[in-house]
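Taking it in order: structure first as structure tokens, then the write-up.
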Amino acid sequence: MKQNEMVAQKDYWAKSACKMCIHTCAIRAHVVDGVVVKIEGDPDNPGNRGKLCPKGQSGINRLYDPHRVKTPLKRTNPEKGVGVDPMWVPISWEEALSTTAEKLKAIREDDPRKLLVSINDFHRIHIWGWGAAFGSPHYFSTVGQYCGAAYHPTNGILDGAFAAINDYDHCKYWIQIGAGDGFSAHLHLASSIKRMADARVNRGMKLVVVEPRMSAGAAKADEWIATRPGTDRAFVLGMVYTMLYELNVYDAWFMRKHTNGIHLIQKDGNMLRNPENNKAMVWDTATGQARDSDAEMDIQDMALEGSYQVNGVECRPAFQVIKDSLADHTPERMSEICSVSAATIRRIAKEYSDAASIGSDITLDGKEYPYRPAAVNYYRGAIGHVDGGLDALAMKLVNLIVGNIDVPGGHLGVGLNHQQLIIEEGQDGMMKPQPHLLHPPGAFITKPDSFQMIEWYPIGIDPGHLCAANIMDPDHFGYDYQPEALIIEHSNPMWNLSQTPKVKEVFKKLKFIVAIDIVLNESSDWADIILPDLSYLESDLLICIESPMVTGYFYRRPVIKPLYDSRDATDILSDLAERIGFLPNWNGLLNHTCFLAPEYHLEPDKVYSNLELTDRMAKSIYGPDQGLEWFQEHGHATRLLRPDELYMSAAQKGLRIPIYFNFIKEVGEDLDKKMKAAGREWDTSSYLPVPIWRDSHPLHNVDPEYDMYAFAFKEAQSNFSESTTMPWIEEVISCQPIHLGVMINGKTAKAKGIKTGDVLKIESPFGVVEGLARVTEEVHPECIAISNTISRWSRHPVGKRKINTHFNQLLPADVKWTDGMTGHLETATRVKLTVIA
């Protein structure tokens, strides 16, 4: 149904797309007399198949939120601070935009680096580069980084993916480590819940959940294994040791055929190359000599193990190097680190190896594929740490060992958008590593330009948590300027950045803050101008973000006319770009981020509306007959991925994927060389080609007085805590003990004299908060766990809590506590507890 036909009716169902988390599900909204009375999943969409999580169903609360920003606002109270009333007054759009443009234009003419940028709208990834078009290099936020800085680059390096998931349709043994897929969070929740349920009920898939808290997934799993935070890599490497040294189980065919496990490696860890043509070399067991890796030979003759001499150079196949590197990672040693018994590590390794069915095949759509129906899935809980890059590589390695990458039943790459996996040819018949799918890498410079120091993290995702420390101590790394303004779009950096007290000090320094949003939060309370965005039920957008099992764009459409004097955020930013004077830069960026074909490129000096941009984007992707009008009439363009699209993307192009990550080693060596030439001391020791356990991890080397681990968590009812301002969500979470205080294990609580309801002083080496104790058996005895639903302190309704406990105030935010390879911030900490009431 076309838009004008739809809204002319008094009672209708309108199809659209949800925005109550970073992904999207297809929805339909029931509208009666111009009022949305119900939202539910769209049963006709192959993505979520009619299912919708609690957040999605409560979207009505956001649309009709009495606290929505209804018109542009101007601050009249010059005083700023936590709890300070800004004394907002409504103003016209012209005044709001001209004031903002005047302030930001002056900064751009002086030094564009003086603008901090916090644009975090996941549905509008195409606008994230507005700050770069302005000329600012900053990313003043941890959204995307907090959960995925070690996750996304390693996915891209392995198989050109942005995310990953186990195969819901064919997996039989699913190990889930630090992830909520299928139960509480991550990739398209409503869709994944249905697929997980079908896999377990219809096919009898076994689920093992490994994490320090009994999450919704752990509670429903066949087995919950509690680990210490930041030690999941040890658990997994103990499994790998068992498989390689005790069970002698690995997929030799897959390694020879599809990985670089056959490439010869020198003693220094570098590739052995033919000096005549620079090609990688392998050992041919039939001829007893080294040959170029692309030479014709029987696959069975490619050596995976052994030690060889080539022209006087000692070398080993990459698989042998991996095996040797893990020779001391016994289950007994790994057990001491992760607290899981050696017997359990061995048992899970055996169950996993048996379930993988190495050597089996399956025929789908008339084509035969390797069939490996066992896989390890993971996310932030497993890799959100110092050495997070090595954590992620360990999770990949345990999958690679059984040959399950991108095959039916196994561990599948998920694309960022409709382009799916980015598969390009690299060196030595390998797939080109793709660590930078969000934006190009920051070019190295001897003195960092950005406060997040992305120039020194060549594989990383912007470590925005470093900004506050560098702003408050600019001399440490040599910054010769200070920020003067901040633009915020659907973000809350005051809440999402670590070391909250320092972040508050940054806010105090800023002369001007403008925020684009729907409701106010801890950050926009400090703003000078508020520009109200349309809600997702009032706006148009094409969305395709990390969709597992399906591809194609969801269409967000207005289900009713806008309620207030709001504008689409993209239109707001385009207007500002013109007024400030960088419209050509902005339009050039949109040509790229919206995938515009040359015939649909934006003219440099013309302002295009969001509707015009959406139309050009649709036609660029789907052809001239499938523009905005087509989507308005037909809705979504999503469909199930075909087997040939879902499986073995690199292999279909004749390319190998890494099991030995020499690319990472080479990047680290290059960075080390540049740093030394610049006279800088910089730790590059985490750039390893093989994941190992490193006892140097700072989380496990804290003063013993901090005897407990602490971490935060979320469940299906909450997103980045923004949903806690919604009455329906608040009603649900206020009935659940896990969201009413700080979780502590019963035995630990008894030993410390702590009872449910006690007020605790929670102190880390980096900060102090208070919290209400909730005694439970659902958390590791050495840990406390804090729900993100109790982390808000805004002046606006954020839940009825006796005490709000903001976890990020306990976290570190400096280089020492940042993963050297990927820039991931440490998301756990150590604390000591004191009963104070």
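Structure notes:
- Scaled to the globular estimate 2.2 N^0.38 Å, the Cα spread of segment 507-560, given as radius of gyration, is 1.61.
- The loop-placed trypsin sites (Lys or Arg not before Pro) in segment 506-609, going by DSSP, that have at most 16 neighbouring Cβ atoms within 10 Å of their Cβ come out as K511, K606.
- Carbon and sulfur %, accessible surface of segment 486-621 computed with the full protein complex present, 1.4 Å: 50
- Added length on full extension, which subtracts the Cα-Cα distance from 0.36 nm per residue, M472 to V759: 100.1 nm
- Listed residue (I422, P275, Q289) projecting farthest to the positive dipole end of the chain, Cβ model: I422
- The chain: calculated mean residue ellipticity at 222 nm from DSSP helix runs of at least 4, using -39500 (n - 2.57): -7500 deg cm²/dmol
- Cubic angstrom per residue, convex hull over Cα atoms of segment 302-381: 180
- Note that segment 683-837 presents 37 Å² accessible area per residue, ligands and nucleic acids not counted, probe 1.4 Å.
- Pairs from the table (K432/K673; K747/K832; K15/K714; K80/K511; K396/K714) lying more than 18 angstrom apart at Cα are K432/K673; K15/K714; K396/K714.
- For G388, neighbours were defined as the other residues whose beta-carbon sits under 11 Å from its Cβ, and their charges (Lys and Arg +1, Asp and Glu -1) total -3.
- Estimated from the Cβ-Cβ distance and a Förster radius of 51 angstrom, the FRET efficiency linking D110 and V89 is about 0.95.
- Once C-alpha pairs closer than 8 Å and six or more residues apart are averaged by separation and normalised to the residue number of the chain, the relative contact order reads 19 percent.
- Compactness of segment 101-166 is given as radius of gyration and Dmax, 15.3, 50 Å, from Cα positions.
- Gyration tensor verdict on segment 612-734 (Cα atoms; rounded if a/c is under 1.5, prolate if a/b is larger than b/c, oblate otherwise): oblate
- For segment 72-193: relative contact order, % (alpha-carbon pairs under 8 angstrom, 6 or more apart): 12
- Placing +1 on the Cβ of every Lys and Arg and -1 on the Cβ of every Asp and Glu, with no other charges, gives the chain a dipole of roughly 1960 debye about its Cα centre.
- Relative pair counts by distance (%), Cα atoms of segment 203-257, 10 Å bins: 21, 34, 33, 12
- Of all accessible heavy-atom area on segment 706-804, the percent that carbon and sulfur account for (1.4 Å): 55
- Cleavage-rule hits (trypsin sites (Lys or Arg not before Pro)) in segment 241-342: DSSP loop, at most 13 neighbouring Cβ within 10 angstrom: K267
- Amide H contacts of L772 (H built 1.01 Å from N, under 5 Å, at least 5 apart or other chain): V742, L760
- Cα centroid of segment 760-830 to Cα centroid of segment 14-51, whole Å: 33
- Taking each of K172/K323; K74/K502; K220/K350; K267/K665 in turn, the alpha-carbon distance tops 24 angstrom for K172/K323; K74/K502.
- Quarter of Cα convex hull surface for segment 739-815, i.e. mean projection, nm²: 5.8
- The alpha carbon convex hull volume per residue for the chain rounds to 164 Å³.
- Using a probe radius of 1.4 angstrom, the carbon and sulfur fraction of the accessible surface of segment 63-206 is 55%.
- Of all DSSP-defined beta bridges confined to the chain, some 60% are antiparallel rather than parallel.
- With at most 11 other Cβ atoms within 10 Å, longest stretch of the chain clear of loop GluC sites (Glu not before Pro) (DSSP): 297-680
- Ordering of 400-408, 47-55 by packing is 400-408, 47-55, highest average first (other Cβ atoms within 10 Å, averaged per residue).
- A 1.4 Å probe, protein heavy atoms only, puts the accessible area of Y709 near 20 Å².
- The alpha-carbon of K367 sits under 12 angstrom from the alpha-carbons of these aspartates and glutamates, leaving out residues fewer than 8 places away in its chain: D644.
- Overall form of segment 601-651 per C-alpha gyration tensor (a/c, 1.5; a/b vs b/c): oblate
- Remark: the Cα gyration tensor places segment 513-602 in the oblate category, a/c being 1.5 or greater and a/b not exceeding b/c.
The values are calculated or read from the model by the stated rules, or taken from the named source; none is laboratory data. On a predicted model such as this, the values are computed, not experimentally measured, just so you know. Cβ: placed from backbone, ideal geometry, glycine included. Neighbour counts: every protein chain shown. What goes into the accessible areas is simple: the full protein's heavy atoms, side chains included, and nothing from ligands, DNA or RNA. Shrake-Rupley method; radii C 1.70, N 1.55, O 1.52, S 1.80 Å.
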